[in-house]
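The values are calculated or read from the model by the stated rules, or taken from the named source; none is laboratory data. None of the values given here were measured: they were computed from a predicted structure. So basically every Cβ, Gly included, is an ideal-geometry build from the backbone, and we count neighbours across all protein chains shown. Ligands, DNA and RNA are stripped out before the accessible areas are found, and what is left, the full protein with its side chains, is counted by its heavy atoms. Shrake-Rupley method; radii C 1.70, N 1.55, O 1.52, S 1.80 Å.
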Amino acid sequence: MHRMPKNLLIAFDVLPQAITTTSILPFVSSDDWLAFRAVCRGCYEIVHGTNDVLHSFCPLCQSTSHSTGTDSNPLSSSSRCSSTQANDESDSLWNLALVRDYRFEIGVDEGNYMKQAIHSPITGTISFLSTNDVFRASTSFISWKHWRKLEGRRDHGQSSSADSNSLKKNRCTNPYRQVVGPYYLRAASLWKKIEQWCDNESLSRGLGREIKASLVPGIDVLRGGKFQNDALITALAAVYSFYSGQEHGSGQSLGGFFGGYSAYNFGCMMEWYHWRHDISVAVGDSFLIAFDSLINLQNSIYMDMKSGQVSAVNESTKETMPATPVTRIEHTKSSGVDDTPKICIDPEDSILRWFEEHARRLSTGYYCIGQLISSSRSLSILQYPAVNEIAVCSRAVTRGVEVVASSIFHPYSNLSDDGAMFVYSIRMRILTPEDGDEYASSGQRGFTTCQLRSRHWIVTKQISSPHGDLTRVEEVRGEGVVGEYPLLREGGYQNYYSSHGADPHTLALIGQGIGDFRYQSCTDHLSRIFEGFLQFVPGSLLSPEGEAFSVRVAPFHFHSNPGFYY
C-alpha cells in the first residue's frame, strides 16, 4: 500500500467517495487504510472525509505539534462531495473498522454508539482504566484510534506505538483475548453505577464509603501470562480493567462486595477475590471470582475459562450451578399458536452480565443495607430483595404496621438432606410520616408502640410422588420468632428475648435499632408459597393497651431458579 503506483493513487482520488468507501476500502485491512494518510491529501480525504489532518487528534490525548501547511489537495474542494456527506461516508468507513476490529455492531444507534471510546493513558494512573476515561469522540476514526491504543497498551504495555502486524496477529491467533469495545463500555457503565451508589449516602448508608475504599485498582489481566492461550477472557479483561478485587485491612469487616444473608447460627458473606499477578487464582479451567468470607456455607463463585460461564460452586461437594441465566424465553408466533421457546445464551459475557446485575441491584435499591448479624454493629449488603422489587417480594400493611417478606435460594447446604434450601427474611416496622399517604398517626393506629407475641405461618409445598406432584399445606404456630419479641415504635425497635415463651416477666432486652426489625429463617426446597400472620399487642407484653391484633404477611414465592446467584 505504501508503494502504490501514482496512476493508481490518482484513480482512487477521482473515484466518487461513496464507491471508494463502500466497494473498495472494506476489503483491505484497517492498517492499510491508515497508509492512505501518508500517500496524498486526496486519499487522506477519502479515508477521513476531510483534508484537515488536525481533525483526528483527540483533546484528551497529549498535545502534539503538527504542520498542516496549505491545502495541497490536487483536486479542488468543489470537485468533492459536500463536507457533511464526506464526513458521513468517512464515519461509515471507520464504523466498518470498529465492527471488524473491535466487535461493535452495525445498526445500534451508530451516530453515538460507534463514537463511544475510552481514553487509555500511558502513565500517571493507579488503575488500568477509569470510568472517567470514557468519552464521545467527534468522529468514528478517533474512536477507532483510541480502541487501537487500548489494544496496543494491553498487549504490549504501551500506547499506540504497538506494531500493527503484531496486533493483527494477536487478533487472528488469540481471538479469545481480543479487545471487544462494547464489553469495555458496558464494564465502564456498571462501574459508574457502583461508584455512584458508594457515594450516595441515602442508598448505601455509609457502607458505600467502606466498600469503595476496599476495592483494588484495575489491572491488565493479560500481564504475567497467567492464562492459557485458549482462555476466554474477553469479558473478564474488561471488568477487571477498572477494579480487580476487594481487600480489607483488618479482615474482620462484614462489607463483602456482593453482600450476604444469615439465619440462626449460619451465614454467608460473599467477598470479591483480590486478583494478583503473583499468585494463581485458577483451579483447573476455573477462575475464582468471589468466596464466602464467613466460611459457614463454603460457597464460591468461579468462571469457566473455556466457555466464560460464571457458576456457584460448593467447595465441599464440588457441585455447580449457573450463576447467570443460560437460556432466555423468546416470544414467537407460528401457525397462529403462541409458543415460548427457550434460546441458549452465549456464556462468553457471563461475567459481565453477572456484574451488571449486581450494579443494577445496588443502584435501584434491590438490596437492603443493615446488620447481617444482630449482635454486630457492622452494616452489610443484605441480599434479600427489598420492597421495591415487588416481583420477588411481598408487602402488606395492617394498622400502620408494615411487613415485607422475600427469600433467597441456596443450592448447597448441610442443613438439609439434599443440600438445597430457601433462606427467607421477614421485616417489620411501624410506618413513619415519610411514608406519605399510608402513614397512620398513633391516634389512628390506636397505639404508640406494639410488641410481637406470636406467629402463624401457612406454607404450601410441592411433593413428588409416583403418581405425580402433590400439593401439601403445612401450618406452623408459635410464640415470638426464634425466641425474640421485638417492640416496634416509629423509626425503630427494641428487641427482647425469652427462653420461657411470651411470659412478659422473663423478657430481657438484648438490643435495639433504627429502621425495621428483621427476622431470618430457612425452609426446605419443597416450599413454594409462604404466607401467614403476626400477632401484636398494643403497648407492650408487660403493659398491654388493648386487644391483640393480627398483621398480615402477604404470600411470597420461593424460586428455585433465581437466574442470577450471588
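Examine region 511-530 for a residue that is farther than 30 Å from residue 288 by Cβ, of a type in the set (A, V, I, L, M), at pLDDT 95 or above and out of contact with any Cys (no Cβ under 7 Å at 6 or more places or on another chain), and state whether such a residue exists. No: region 511-530 contains no residue that is farther than 30 Å from residue 288 by Cβ, of a type in the set (A, V, I, L, M), at pLDDT 95 or above and out of contact with any Cys (no Cβ under 7 Å at 6 or more places or on another chain).
In the condition set (1) among the charged types (D, E, K, R); (2) surrounded by 17 or more Cβ atoms within 10 Å (Cβ to Cβ); (3) at pLDDT below 95; (4) assigned to a helix (DSSP H, G or I), residue 168 is compliant with all but (2). Among residues of region 457-486 being among the hydroxyl-bearing types (Ser, Thr, Tyr) and not in a strand (DSSP E or B), the one that is least open to solvent (accessible area, probe 1.4 Å) is 485. Residues in region 537-561 that are small (Gly, Ala, Ser) and out of contact with any Phe, Trp or Tyr (no Cβ under 7 Å at 6 or more places or on another chain): 540, 543, 554.
Considering only residues in region 298-320 that are open to solvent by less than 50 Å² (accessible area, probe 1.4 Å) and in contact with a Ser or Thr (Cβ under 6 Å, 6 or more places away or on another chain), the one that is modelled with the lowest pLDDT turns out to be 313. In region 380-412, of all residues being assigned to a loop (DSSP other than H, G, I, E, B) and charged (D, E, K, R), the one that is surrounded by the most Cβ atoms within 10 Å (Cβ to Cβ) corresponds to 399. Exactly one residue among 203, 190, 215, 185 is over 20 Å from residue 127 (Cβ atoms) and among the aliphatic types (A, V, I, L, M), and that residue is 203.
Condition test on residue 438, is it within 22 Å of residue 520 (Cβ to Cβ) and open to solvent by 50 Å² or more (accessible area, probe 1.4 Å)? Taking the combined requirement at face value, the residue does not satisfy it. Tallying residues that are at pLDDT 80 or above, under 30 Å from residue 524 (Cβ atoms) and assigned to a loop (DSSP other than H, G, I, E, B) within region 251-275 yields 4.
Residue by residue through region 120-134, note down the ones that are out of contact with any strand residue (DSSP E or B) (no Cβ under 6 Å at 6 or more places or on another chain) and open to solvent by 30 Å² or more (accessible area, probe 1.4 Å). Result: 122, 123, 124, 125, 130, 132. Scanning region 349-379 for residues that are open to solvent by less than 10 Å² (accessible area, probe 1.4 Å) and part of a helix (DSSP H, G or I) yields a count of 8. Taken over region 130-157, the criterion of being at pLDDT below 75 and touching a helix residue (DSSP H, G or I) at 6+ places or on another chain (Cβ under 6 Å) is satisfied by 155 alone. Here residue 503 does not fit the description of being of a type in the set (D, E, K, R) and within 15 Å of residue 481 (Cβ to Cβ). Identify all residues within region 507-541 that are of a type in the set (Gly, Ala, Ser) and either assigned to a strand (DSSP E or B) or free of Cβ contacts under 8 Å to residues at least 24 places away in the same chain (or both); write none if there are none. Once the filter is applied, which keeps residues that are of a type in the set (Gly, Ala, Ser) and either assigned to a strand (DSSP E or B) or free of Cβ contacts under 8 Å to residues at least 24 places away in the same chain (or both), region 507-541 yields 508, 511, 513, 521, 527, 532, 539. Output yes when any residue across region 500-510 is open to solvent by 30 Å² or more (accessible area, probe 1.4 Å) and under 17 Å from residue 372 (Cβ atoms), and no when none is. Yes: region 500-510 contains one or more residues that are open to solvent by 30 Å² or more (accessible area, probe 1.4 Å) and under 17 Å from residue 372 (Cβ atoms). Please indicate, with yes or no, whether at least one residue in region 498-505 is in a strand (DSSP E or B) and either free of Cβ contacts under 8 Å to residues at least 12 places away in the same chain or under 26 Å from residue 408 (Cα atoms) (or both). No, the conditions are met nowhere in region 498-505.
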